[in-house]
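Accompanying notes for the structure given below.
FYI, it's all coordinate maths here, none of it is from the lab. The model shown is predicted, which means the values in this text are computed figures rather than measured ones. Cβ placement follows ideal geometry from the backbone for every residue including glycine, while neighbour counts extend to all protein chains displayed.
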Amino acid sequence: MNEFPELPEVNSLHADPDETTRRRNNTQSNPRNGLTKTTVIAVMLSIVAALLISLTIAMLGKDPILQMFGLAPESKKPDPFKVAIEEMSGVVKQLADDLDTIKLKQSELQENINAGNFATQKATQRLENLERFSSSLEQKIEQQKKVQQAAAAKPVVKAAPKPVPIIPVVLISIRNIAGTSYVSLRDGLDDSDLLMPGDTWRGWTLIAADTATKSAIFTVAGKQQELRL
């Protein structure tokens with residue numbers, strides 16, 4: 001019977017069970033640690049991006065941001081016909097206002113023209129009246145000159161002076177005061193004041209008076225008259 005020869009013992013190459021377990025755990029834990037770091041970084045980047053977006057919206061507004069990404073609602077374009085009609089209505093209204101202004105100015109101008117025409121007519125009438133008055137005045141001056149010339153050609157007849165009526169008076173007193181003779185006269189009802197030479201009363205002018213002869217000489221109506229007491 002064939003028997004196999006005994007082989008010599010060879011030391012096994014198996015690792016220690018504890019070492020094997022530790023390596024296995026390290027191998028399994030490394031992928032997890034890498035995944036965790038990536039997640040943290042992604043979350044932080046998301047938060048930073050959210051903060052940046054919020055700040056941008058607060059600063060620029062919502063519509064510009066949406067327009068950047070093509071998400072803004074399309075604004076409704078105005079109807080060109082409606083715009084043209086509105087513009088034409090504005091032009092027509094402006095023309096109507098201008099027309100009213102022109103009519104008002106024309107009315108004021110017409111009033112001024114009428115006032116000017118009236119003033120011109122009045123001035124013309126006054127000028128015509130003045131011309132007629134001037135012509136009439138010239139005619140009267142010519143007529144007056146002719147009358148004066150005719151009167152100058154005729155001899156002037158002087159009218160004889162009418163005799164002045166002599167008022168009868170009576171000598172009532174003769175006085176000598178400080179060397180001057182004074183007399184008093186009476187015309188019937190009234191008595192004169194004391195008269196000194198040169199004084200006149202009722203047309204009688206005293207020339208001289210003499211207390212010795214009790215007489216006074218007067219001038220009356222161009223003649224001398226003597227009165228006695």
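Across segment 115-121, computed HN-Hα scalar couplings (Karplus, 6.51 cos²θ - 1.76 cosθ + 1.60, θ = phi - 60°) run 5, x, 5, 5, 4, 5, 5 Hz from first to last residue, x flagging Gly and Pro. Once backbone amide H atoms are built at 1.01 Å from N, TYR182 has ARG175, ASN176, ILE177 as its partners under 5 Å, excluding neighbours fewer than 5 places away on the same chain. Treating each Cα of segment 75-153 as one equal point scatterer and applying the Debye formula with no solvent, the log10 of I(q)/I(0) at q = 0.19, 0.20, 0.21, 0.22 Å⁻¹ comes out as -0.91, -0.94, -0.97, -0.99. Our coupling estimate for segment 212-223, obtained by passing each phi through the Karplus curve with A = 6.51, B = -1.76, C = 1.60 and θ = phi - 60°, is 5, 8, 6, 9, 9, 9, 10, 10, 9, 6, x, 10 Hz, Gly and Pro reported as x. Here the Karplus curve 6.51 cos²θ - 1.76 cosθ + 1.60, taken at θ = phi - 60°, turns the phi angles of segment 168-181 into couplings of x, 10, 10, 7, 10, 7, 9, 10, 10, 10, 6, x, 10, 7 Hz, with x standing for Gly and Pro.
Near ILE172: Cβ cut-off under 10 Å, other residues only, Lys/Arg at +1 and Asp/Glu at -1. The net charge is 0.
The stretch between THR180 and VAL43 holds 33.6 nm of extra length on full extension. This uses 0.36 nm per residue minus the Cα-Cα distance. Between the listed residues GLN94, LEU127, PHE81, the Cα displaced farthest toward the positive end of the dipole of segment 75-153, a dipole computed from Cβ unit charges relative to the Cα centre, is found at LEU127. Selection among LEU206, GLN106, ASN117 by position relative to the dipole of segment 84-229 gives LEU206 as farthest towards the positive end (Cβ unit charges, Cα centre).
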